[in-house]
Amino acid sequence: MNNAVLGIDLGTSALKILYIRSGKVEERSRSTYEDENVPGCWMHALERALSSIGGLDVVTAVGLSGQVGTYFINDKHLISWQNSEGGTFVEEIALRYPAETFISQIGMVHPRLASYPLPRLCYARQKYGPVRKVLQPKDVITGVLTGRPVSDPYSWRGLANAASCRYSRMLLKDAGISEDVLPVLRQPWVCAGTLTQQAAAATGLPAGIPVYTGMNDFYAALLGMGMTRTGDWFDITGTSEHLGLLEEDLCKKTKLISSPYLTGYVHYGVTGSTGVSLSFGACTFPEVIGETLTDVQDLIEDAPVFLPYLNGERAPIFDSEAKGTFFGITGKTTSRHMAYSVKEGVAFSLYHIYCSISEDRCKGSSKIRVSGGAAGDLLLCALKAELMQKELVILEEPEASAFGAGLTAMIGQNEISGPEEAAYFVRTARIIRPDGHFRGKLLKRYGSYLDLYRRVKGLKI
């Protein structure tokens, strides 16, 4: 069979495309945005990325995934996921409704995150007046490709119910927002529409092929990692980083987030500063420090402790004002020490989430599946494995969101029967096992990491 599908992921910093035939990635392309906060640049990035891929004439379907928490208001105003707008409404919303009301309306307890739709819409109404149209980035691209903005209930978690595939009319009414200003909702493997002649001319893809609705980039990555079984753990690295596991039941009392996913629930925390911290470390301290814990054993006791909160932090501290911090610099500190500290601080931020989940429900497999660009950082993976005492299974395909988007299209095309069969296409690249000799020293430093945040919290420069 010569037919192919495309998996397109509209990420936070770049657009990624995978050209998939029979579940195997044959080509890939990536294009950064000229300006990530200008919707027109998202389409330009798509056109540039497609221009480097051959065989577009045999593409039979497109599947989408995209960043969430970014909102395009009234075709004019854009609120980025990185901004804190709407934060003042989070506590108000939490106090207005009991947890059971949220569960009945949206299938989950509303998290204390300003990037979720309800606080953002309340802010938009206060800031800009009447709200006439609201789209997230994937919705914008779907509208350009098919002529009609369509979204999915997972991308609108916090306002939509995944089971009914409908927005909560009660929450919308209380927020003073009409349902008509939001995109129509469809399940991920339902066709959102077909490619228009105008979009075909701009992209080089065949006119009339189906465009499948897809999911938010996080959920698409779960599909692309083969996450279907209760108890399976995952670590999705990227600009932010998601760590958690699949569970059979909703966790109503958690410090983190528990929300519907496929036929069960996903329980997880998400950082806000992993990507920027690793980029900062690579640019500022570019030393090669090794790939194993043995390579850096001379650094573990003497390196400064680093708080990786360069973009503030989401889970588990939920402090948008948190700042990056080095503590313990002496006259003997070298750039090598600093390079190690950055990676250790990122690992500590993930372990902080892991401990929060374990306090709520200590269960799951002995393995963690890992995807994303930082999955290739072997020292960082070794630190995570040692702290969590689990094997890290590094997946062959790092672009799990784009791969999940492509698998969504294959499900929609009936090439595969569903998520369970999609998991057979996920391949392992390597496994990193915990060493066991360094955890005591790391846990001692982790205690200092927690104490440092408590001491500097609220300090202003």
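Between K460 and R166, the FRET efficiency estimated from the beta carbon spacing at R0 = 51 angstrom works out to 0.70. The ranking of V305, V38 by Cβ neighbour count inside 10 Å, starting from the fewest, reads V38, V305.
About its Cα centre, segment 60-207 has a charge dipole of approximately 160 debye under the convention of +1 per Lys or Arg Cβ and -1 per Asp or Glu Cβ, with nothing else charged.
Quote the charge dipole size of segment 1-129 about the Cα centre in Debye, to the nearest 20; the model charges only the Cβ of Lys and Arg (+1) and of Asp and Glu (-1). Numbers along the way, then the final one.
Working: 12 positive and 13 negative charges, 27 e Å.
Taking the Cα centre of segment 1-129 as origin, the dipole is about 140 debye.
For S29, what is the net charge nearby, where nearby means another residue's Cβ is under 9 Å from its Cβ and Lys, Arg count +1, Asp, Glu -1?
Values: positive: K16, R28, R30, R48; negative: E27.
Here the count lands on +3.
Can you give the net charge of the other residues whose Cβ lies under 12 Å from the Cβ of E313, counting K and R as +1 and D and E as -1? Within the 12 Å Cβ shell, the charges total 0. Sorting W189, W156 from the fewest to the most surrounding beta carbons within 10 angstrom yields W189, W156. Simple spin-label estimate for K441 and A207 gives 6.6 nm between the two label positions (7 Å along the Cα-to-Cβ direction from each Cα). Rounded to the nearest Å, what's the spacing between the alpha carbon centres of segment 230-306 and segment 187-229? Just the number, please. Spelled out, the Cα-based centre of one part sits 28 Å from the other. Estimated from helical segments only, the mean residue ellipticity of the chain at 222 nm is -10500 deg cm²/dmol, where each DSSP H run of four or more residues counts as -39500 (n - 2.57). Please work out the C-alpha center-to-center distance from segment 419-461 to segment 367-411 and express it in whole Å. Going from one Cα centre to the other spans 13 Å. Ordering A207, I177, A160 by Cα displacement along the dipole of segment 149-211 toward the positive end leaves A160 in first place; charges were set at the Cβ atoms of Lys, Arg (+1) and Asp, Glu (-1). Counted by neighbouring Cβ atoms within 10 Å, the residues T292, T142 run from fewest to most as T292, T142. For C122, what is the net charge nearby, where nearby means another residue's Cβ is under 13 Å from its Cβ and Lys, Arg count +1, Asp, Glu -1? Result for the neighbourhood of C122: +1.
Relative to the longest principal axis of the chain, what angle (0 to 90°, nearest 10) does the C-alpha long axis of helix 439-456 take? Rounded to the nearest ten degrees, it is 70.
For the pair E287 and S365 in one chain, pulling the backbone fully straight at 0.36 nm per residue adds 24.6 nm over the alpha carbon distance.
Let me know the longest stretch in the chain that avoids all GluC sites (Glu not before Pro) found in a DSSP loop with at most 14 other C-beta atoms within 10 Å.
Longest gap between qualifying sites, sites excluded: 35-247.
May I ask which of K24/K441; K16/K343; K138/K255; K253/K323; K367/K457 have a Cα-Cα span longer than 31 Å here? Intermediate results must be reported in sequence, preceding the final value.
On the way: K24/K441 42 Å; K16/K343 25 Å; K138/K255 29 Å; K253/K323 28 Å; K367/K457 34 Å.
Where the Cα-Cα span goes over 31 Å, the pairs concerned are K24/K441; K367/K457.
Using unit Cβ charges (K, R positive; D, E negative) and no other charged atoms, how large, in debye to the nearest 20, is the dipole of the chain about its Cα centre?
Once rounded to the nearest 20, the dipole reads 900 debye.
Every read-out reported here was derived from the displayed coordinates using simple, explicitly stated rules and does not represent laboratory data. Computed from a predicted model, the values in this text were never measured in an experiment. Ideal geometry is used to build each Cβ from the backbone, glycine not excepted, and the neighbour counts take in all protein chains shown.
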